[in-house]
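Report on one structure; see the data block that follows.
What follows is calculated from the coordinates using simple rules that are stated; it is not laboratory data. The model shown is predicted, which means the values in this text are computed figures rather than measured ones. For neighbour counting, all protein chains shown are included, and Cβ atoms are generated from backbone atoms with ideal geometry for every residue, glycine included.
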Amino acid sequence: MALQLEVSLATEKKEKPDFNKLGFGQIFTDHMFVMDYSEGKGWHDPRIVPYAPLTLDPAAMVFHYGQSVFEGLKAYRTRENNILLFRPDKNMHRMNVSNERIDMPQIDEAFVLEALRELIKIDQDWIPSAPGTSLYIRPFMIATEPYLGVRPSHSYKLVIILSPVGAYYAGGMKPVKIHVESKYVRAVRGGTGNAKTAGNYAASLKAQSEAKVLGYEQVLWLDGVEGKYIEEVGAMNVFFKVKGEIWTPALNGSILDGVTRNSVLQLLRDWGLPVHEKRISMEELQQAHANGELEEAFGTGTAAVISPIGELNWNQHQMFINGQEVGELTMKLYDTLTGIQYGEVEDKFGWTVKVL
Ligand SMILES: *Cc1c(COP(=O)(O)O)cnc(C)c1O
C-alpha cells in the first residue's frame, strides 16, 4: 500500500522572529511532519500538521531505553530566491544506518525526502535570506510503545521539525581551542559511534562541560579502546593538513560518517591534493606539530560547515596551529562548500536538490 501524505494547515500562523537576530535551534516553523509505525502495520498516517507538542505515554520506551535517532541538514535560500537542499539523500540514508544499529524500522528514504520537500514548501516563508542564514531541518525517530521491558519497541514516531537559523560565523570565522579528551570516550568499537543516536550526545556532555571550565570550546575525542587514536572533534569530523597532505581518521565503526566530511574528501581529491583516510595517533600528530609540519586543522559538520582549530591541548602539550589564524585551505573549503550550498559556485558533483 502506497503511503499518502495528508496535509492540515495551521489556522493561525506564528509571528515571525526578527530574522536579523536568529540564533540556532530555538525557533520553530508553523508545521511539522509526523508519521507512525506499528508492528504488523508498518509506517502509516504520514501527515503535515501544525507544529505542536507531542503527547506520549510516560511509559513510552524512548524515555527509558533510549531508542532515538536523528538527522540534521539545511535548506538554503539562493540570491535568485530558489530553495536548495544539500545532499539530502545522504541524510535519509544515514537515518536508516542509525535505525539499523538501534534496531528500529527502516524508513522509505525517497518518500520521507518527498514529504520533507512538501513541508519546506509549506513553511518557505520561514527560510531567511541574509548571508549565512538557513533553515535547519531536524528529522528524528523515537520509540513510542508504553512498555517497561528491555526489547525493541513495537511502535515508533518519525517527526521532522524546521528551525530558521542565523549565520554560524556572524562575528567572522575564528579558530577554536580544543581540549584533547583523555578521561572520557564518546564511542567504542562495536558501540553506537557511527549512529546518530541520542545516547551518544548524552554521553558526551560531561566531557564538554569539564573542557569548558578549563577554557576550551570543544573536545577532541580519542578512540575508546587504547585512548591513542583521533576520532572526532565535538560533534564534527576532523581533518589535518600536514606537509601539504590531508589526514582524516578513517571510518572505523565508532566515527560518524559525516556528509560534510564526505564532501570535503571529494573536493580535496578533485583539487588533486593527497588525502589519507587513516588511523592517526595523537602522538603522531604531536610529532608533526613539533617538527613544524602541522599546517592546518579543522572540524566539519552541517552546522558550522568548516570550523578551524587554532589550538590543541593534549596532556602537557599546548599546540598552536597556523598562528591561530584561519588556514588557506580551510577557508577555500568553507567558501567552496557554502558557495555550492547557496548556488553561487558551480555544483559539478550534482550535490544540491532544488525544492523551489
Ligand atoms: C552529525 C555529526 C557529524 C557531522 O555530520 P554532517 O553530516 O557533516 O553534519 C560528525 N560527528 C558527529 C558525532 C555527528 O553527530
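Considering all projection directions equally, how large on average is the shadow of the alpha-carbon convex hull of segment 6-165, in square nanometres? Could you put the intermediate results ahead of the total?
Details: hull surface 39.5 nm².
The Cα convex hull of segment 6-165, projected and averaged over all directions, gives 9.9 nm².
Simple spin-label model, 7 Å along Cα-to-Cβ: Asn20 to Gln124 in nm?
Inter-label distance under the simple model: 2.6 nm.
Could you give me the ³J(HN,Hα) list for segment 128-140, computed from phi with Karplus coefficients 6.51, -1.76, 1.60 and θ = phi - 60°, whole Hz, x at Gly and Pro?
For segment 128-140, the Karplus-derived couplings read x, 10, 5, x, x, 8, 6, 10, 7, 10, 10, x, 8 Hz, x marking Gly and Pro.
I'd like the projected area of segment 74-127, averaged over all directions, using the convex hull of its alpha carbons. Report it in nm² with one decimal. Numbers along the way, then the final one.
Working: hull surface 16.3 nm².
Averaged projected area of segment 74-127's Cα convex hull equals 4.1 nm².
Which cross-chain or sequence-distant (5 or more) residues have an amide H under 5 Å from the amide H of His31, H modelled 1.01 Å from N in plane?
Residues meeting the amide H criterion: Tyr51.
Note down the net charge around Ala110, summing +1 for each Lys or Arg and -1 for each Asp or Glu among other residues with Cβ under 14 Å from its Cβ.
On the way: positive: Lys90, Arg117; negative: Asp89, Asp108, Glu109, Glu114, Glu118.
Computed value for this residue: -3.
Sorting Trp271, Trp351 on the 10 Å Cβ count, fewest up front, what's the list?
Fewest to most other Cβ atoms nearby, the residues stand as Trp271, Trp351.
Listing Leu3, Leu329, Leu214 from the residue with the fewest other Cβ atoms within 10 Å to the one with the most, what is the order?
Fewest-to-most Cβ neighbours within 10 Å comes out as Leu214, Leu3, Leu329.
Please compute P(r) over all alpha-carbon pairs of segment 126-200, binned at 5 Å starting from zero, and give each bin as a whole-number percent.
The percentages, shortest bin first, are 3, 10, 11, 13, 14, 17, 14, 9, 6, 2.
Can you compute the helix-only [θ] at 222 nm over the chain? Use -39500 (n - 2.57) per DSSP H run of at least 4 residues, normalise by all residues, nearest 500 deg cm²/dmol.
That comes out to -7000 deg cm²/dmol.
From Cα coordinates alone, what are the radius of gyration and Dmax values for the chain in angstrom?
Expressed in Å, the Cα Rg and Dmax of the chain come to 20.9, 64.
One-quarter of the Cα convex hull surface for segment 142-289, in nm²? Kindly include the intermediate steps, with their values, before the conclusion.
Working: hull surface 48.8 nm².
Mean projected area for segment 142-289: 12.2 nm², to one decimal.
Among bridges DSSP assigns within segment 176-341, what percent are antiparallel (round to 5)?
Of the beta bridges lying entirely in segment 176-341, close to 65 percent run antiparallel.
After finding the eigenvalues of the alpha carbon gyration tensor for segment 19-108, what semi-axes result from the square roots of 5 times each, listed largest first in whole Å?
Taking √(5λ) for each eigenvalue gives 28, 18, 14 Å, largest first.
Restricting to DSSP loop positions (anything but H, G, I, E, B) with no more than 16 other Cβ atoms inside 10 Å of their own Cβ, which trypsin sites (Lys or Arg not before Pro) remain in segment 140-191?
Lys183, Arg189
Can you flag which of Lys243/Lys348; Lys90/Lys354; Lys90/Lys228 are past 19 Å Cα-Cα?
From Lys243/Lys348; Lys90/Lys354; Lys90/Lys228, over 19 Å: Lys243/Lys348; Lys90/Lys228.
Select from Glu232, Glu15, Glu114 the residue whose mean-square fluctuation is largest in a Gaussian network model of the chain (Cα-Cα springs shorter than 10 Å).
Of the options given, Glu15 has the highest mean-square fluctuation.
List the trypsin sites (Lys or Arg not before Pro) within segment 254-356 that DSSP assigns to loop and that have no more than 11 neighbouring Cβ atoms inside 10 Å.
Lys348
Could you tell me the distance between the Cα centroids of segment 149-166 and segment 251-305, to the nearest Å?
If we compute the Cα centre of each part, the gap is 31 Å.
Which distance in Å, rounded to a whole number, links the C-alpha centroids of segment 3-34 and segment 199-249?
Segment 3-34 and segment 199-249 have Cα centres spaced 34 Å from each other.
Residue by residue through segment 215-227, which ³J(HN,Hα) values in whole Hz follow from phi under the Karplus form 6.51 cos²θ - 1.76 cosθ + 1.60 (θ = phi - 60°), with glycine and proline marked x?
3J(HN,Hα) across segment 215-227, in whole Hz: x, 9, 8, 8, 10, 9, 8, 9, 4, x, 9, 9, x.
Using only the Cα atoms of segment 243-356, what do you get for the radius of gyration and for Dmax, in Å?
15.2, 53
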